[in-house]
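What follows is a single structure, written as structure tokens, with notes after it.
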Amino acid sequence: MQNSGGDRCALILPNLNGEWSVEAIATPEATELCTEPLEDNAKLPVKLIQYVKNTRDIVIINDGKTDLPVIGPYLSQQQPKSVLCLPILNQAQLIGILYLENRATSGVFTSDRLLVLNFLCTQAAISLENARLYQQAQTYAHQLEHSQLQIVQNEKMASLGNLVAGIAHEINNPIGFLNGSINNAKDYVQDLLSHLALYQQHHPNAASPVQDHAEDIDLEFLCEDFPKLLNSMKGATDRIKGISTSLRTFSRADTEYKVSANLHEGIDSTLLILKYRLKANEHRPEIQVLQHYGALPEITCFPGQLNQVFMNILANAIDMFDEAAQQSTFTDLQANPQTITIQTALPDPNTVEIRIHDNGKGIPEDVRARIFDHLFTTKSVGKGTGLGLAIARQIVVEKHHGSLEVQSELGQGTAFGIRLPIHAE
């Protein structure tokens, strides 16, 4: 406007999808940045701008007089005295349109001023193209980051899932054999005990060596305790079978479509995988896990991916406790147990909430602001990739249309809140 004599100016640009929109409207008093569709825009002469877009010609109109088919509602109603619309070209490619008007004076857009405007538009074209390329590069970088997270997520889940599923499979074979053998042994023992009772009934006065041996082995106790022993062995194999089922629950492969799943089973199976890390060691007592489960319905989700989210949050809490244990005494930790509390609830009829809270040292505000950033980590080299929580947020937010938030207070602990819709979108 300073070099043209106009008192109103608009910049029209295409977006990455080729749709044209008004990006800025300026007057001597102010410049308004906006993103408004060009089509049917009442603030500008859309017919004139479309003509310049199609022909790439410069159009100058004084006092509304022109033979070109460009007079539309805006020019008829506003009747600016001087109008200029010119294309912004870069290497013969149309990358924008500039519209100028002067509502009070006719003939302001002279050839000298047009020469200056053409020069300025050439410079503007270079800047706009650089901005477009930068935006495109940013878009590609975001897509690459998203793809990287997706690949890492799939590889981590596949590797862990295959390992856990393999262990579960290896457990199943001997456990199946033991279950069958114990059932048979119970039948055999019952037959032997029945036979022994029948023998004692008909031959109460056995030979002295037989009676002496019965006393030496405490035959009466053996007959009473042996069935109990077999029942205990059966209970142990059932427990191992339950562990194997939990392992398969954790490692379940997600299909292309969401399925109905029990979140409590997923959390329990994740805790089972991490149980060895929760146990006491030479530096600290056992980490206590408190589970306060609400009455949750099954939800439609990718259960394997959600298990990965639970795994990451819980493993981070354990890492933090292990680090804190290096700076505390065993006695102090016994007096103030390290605790992870898992709560589930139904905040509304369409949403489930999982809250995982630790009573650790908390997270500083500057770290909390970046905790979900791609490649950001506070762990030492070789102990963290900065991808875990970024992947977790991607799974919860992008894959499940939920939310993942963190709340923390120094010295009080950290809480991760996960909200998920019950039904798939």
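List of remarks:
- Boolean, E29 is among the charged types (D, E, K, R) and under 30 Å from Q138 (Cα atoms): no
- Selection count where residues are free of Cβ contacts under 8 Å to residues at least 60 places away in the same chain and either of a type outside the set (A, V, I, L, M, F, W, C) or in a loop (DSSP other than H, G, I, E, B) (or both), scope the range 397-415: 12
- Residue check for L117: over 18 Å from T55 (Cα atoms), in contact (Cβ under 8 Å) with a residue 24 or more places away in the chain and crowded, with 19+ Cβ neighbours inside 10 Å: yes
- Meets criteria (under 17 Å from A26 (Cα atoms), surrounded by 13 or more Cβ atoms within 10 Å (Cβ to Cβ) and modelled with pLDDT of 90 or more) for L100: yes
- Any chance Q334 is more than 26 Å from Q394 (Cβ to Cβ) and modelled with pLDDT under 95: yes
- For the range 380-425, taking the residues that are under 13 Å from the mean Cα position of the chain (by Cα) and modelled with pLDDT under 80, the one that is nearest to Q343 (Cα to Cα) is identified as G388.
The values are calculated or read from the model by the stated rules, or taken from the named source; none is laboratory data. The shown structure was predicted, so the numbers you read here are calculated from the model rather than taken from an experiment. Because the Cβ atoms are built from the backbone with ideal geometry, glycine has one as well, and the counts that use them run over all protein chains shown.
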